[in-house]
């Protein structure tokens with residue numbers, strides 16, 4: 001009963017995780033951080049954090065310009081270094097808090113409090129400010145925008161994705177294709193790059209418009225037979241909205257207004273749920289875009305290396321300017337030359353490299369879920385269940401200790417463990433328990449087969465009959 005009372009809190013956390021997945025999603029998240037949020041809540045906070053980072057950046061730029069004019073003192077030069085360190089620390093703190101602040105390991109820490117401020121606190125302050133300045137009309141307007149962006153299907157992020165892909169490819173063609181073919185790159189990459197982008201867009205469209213595994217009155221009995229209840233995080237019940245039995249591993253998406261089998265999450269970039277039937281397309285989309293960013297990074301790097309070779313920059317620096325032929329001596333001049341002559345290509349290369357790291361981590365996370373036959377929705381259910389179970393055990397232990405003390409049988413108390421040691425030990429125990437209780441994990445090969453060939457796509461699914469009783 002106590003476990004079921006946590007449903008509203010779990011729904012809120014799933015909503016936060018849904019926004020986090022959008023911000024860490026499969027398309028250029030760093031560039032469009034203020035735009036990638038589904039709700040105005042996260043948009044406002046992203047703008048606040050982004051403006052703070054711009055203030056740091058402007059101050060650093062100002063000090064660097066002063067240093068170039070040779071009027072910067074030693075103390076000011078040290079201030080530049082400290083500002084750069086502070087800028088990097090603040091950026092890292094904001095990113096880690098936003099993406100990881102809800103993890104159990106950060107419970108009760110400043111990281112969790114910063115995450116709470118980013119995901120809800122800043123929006124609450126903004127809503128109060130709007131209400132104070134513009135009255136109830138302004139507040140209602142903000143809430144209407146939030147409802148449209150967060151509570152209803154809309155193609156905003158789909159349009160943004162297509163615009164980013166198109167604009168990025170256009171910039172690459174206009175700034176880089178003039179050097180292809182080059183010293184290290186053949187002319188065929190003019191065509192393979194277009195083909196790679198086209199495949200990525202097709203995978204995006206396939207994931208966006210494919211059926212995620214909608215559960216309805218016609219197929220609910222077959223889904224009930226395909227996924228048995230584990231009576232831990234799934235028990236027999238009826239969907240209060242669809243008024244049909246709710247199969248195990250399914251969830252009613254409040255945005256799409258439908259029940260989805262093996263529900264993972266609602267992806268705002270796709271404007272679609274990720275479920276039993278389209279998880280395979282979603283994984284292919286992530287993997288392909290990860291490889292696409294790697295391909296773009298390497299290709300642009302080879303273009304710059306080719307220009308460095310063709311223009312004999314190293315030769316000019318060492319022979320005509322007398323610079324020592326070593327990496328430490330040449331690197332600053334080479335970087336300065338690239339920034340002056342090929343700044344667009346360099347920024348594109350660095351940006352694609354960063355995005356590829358994010359996509360690689362996102363793909364790795366979902367690959368782990370697929371290999372253990374778990375969904376994002378289920379990870380939150382397990383966290384809720386284990387948190388509740390831990391509190392029950394702590395309450396029982398406290399009751400037992402109280403009874404012992406009342407009976408006069410108190411014994412020597414062990415020194416309390418440090419908080420961090422307890423957290424790390426608890427995390428390992430929870431992981432073991434999740435694996436042990438996950439009845440849907442049928443082995444590596446079976447789990448992969450279930451993702452690639454879901455139950456509803458097999459011929460036997462249409463002939464499947466519900467289990468009796």
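A compact table of results
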read-out	value
Count of residues meeting criterion [over 30 Å from residue 165 (Cβ atoms) and in a loop (DSSP other than H, G, I, E, B)] in the range 331-352	0
Strands (runs of 3 or more DSSP E) fully within the range 212-274 counting 3 or more residues that are in contact with a helix residue (DSSP H, G or I) (Cβ under 8 Å, 6 or more places away or on another chain) and crowded, with 18+ Cβ neighbours inside 10 Å	265-267
Candidate set from the range 458-469 (those that are under 16 Å from residue 216 (Cα atoms) and surrounded by 10 or more Cβ atoms within 10 Å (Cβ to Cβ)); member that is modelled with the highest pLDDT	461
Which listed residue is closer than 28 Å to residue 301 by Cβ, modelled with pLDDT of 85 or more and within 22 Å of the chain's Cα centre (by Cα), from 171, 160, 114	160
Residue check, residue 393 in a helix (DSSP H, G or I) and touching a strand residue (DSSP E or B) at 6+ places or on another chain (Cβ under 7 Å)	no
Subset of the range 305-330 (residues that are under 26 Å from residue 181 (Cβ atoms), touching a helix residue (DSSP H, G or I) at 6+ places or on another chain (Cβ under 7 Å) and not in a helix (DSSP H, G or I))	none
Checklist (1) closer than 30 Å to residue 289 by Cβ; (2) outside any loop (DSSP other than H, G, I, E, B); (3) at pLDDT 60 or above applied to residue 441, failing item	(2)
Given (1) under 26 Å from the mean Cα position of the chain (by Cα); (2) without any contact (Cβ under 8 Å) to a residue 60 or more places away in the chain, index of the condition residue 119 fails	(2)
Residue in the range 303-310 that is out of contact with any strand residue (DSSP E or B) (no Cβ under 8 Å at 6 or more places or on another chain) and exposed (fewer than 14 other Cβ atoms within 10 Å of the Cβ) present	yes
Matching option when the condition is free of Cβ contacts under 8 Å to residues at least 60 places away in the same chain, within 30 Å of residue 262 (Cα to Cα) and either in the same structural domain as residue 171 (by TED's automatic domain parsing) or in a helix (DSSP H, G or I) (or both), among 374, 379	379
Residue 109 outside the structural domain of residue 204 (by TED's automatic domain parsing) and under 18 Å from the mean Cα position of the chain (by Cα)	no
Residues of the range 122-154 satisfying the condition of being in contact (Cβ under 8 Å) with a residue 24 or more places away in the chain and either assigned to a helix (DSSP H, G or I) or out of contact with any helix residue (DSSP H, G or I) (no Cβ under 9 Å at 6 or more places or on another chain) (or both)	122, 123, 126, 142, 145, 146, 149, 150, 151, 152, 153
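Residues checked against (1) assigned by TED's automatic domain parsing to the domain that holds residue 163; (2) touching a strand residue (DSSP E or B) at 6+ places or on another chain (Cβ under 7 Å); (3) within 17 Å of residue 169 (Cβ to Cβ); (4) in contact (Cβ under 8 Å) with a residue 12 or more places away in the chain:
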residue	(1), (2), (3), (4)
184	yes, no, no, yes
193	yes, no, yes, yes
200	yes, no, yes, yes
203	yes, no, yes, yes
220	yes, yes, no, yes
233	yes, no, no, yes
237	yes, no, no, no
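The values are calculated or read from the model by the stated rules, or taken from the named source; none is laboratory data. Please read all numbers here as calculations on a predicted model, not as lab measurements. Every residue, glycine as well, gets a Cβ built from its backbone with ideal geometry; the counts of neighbours run over all protein chains shown.
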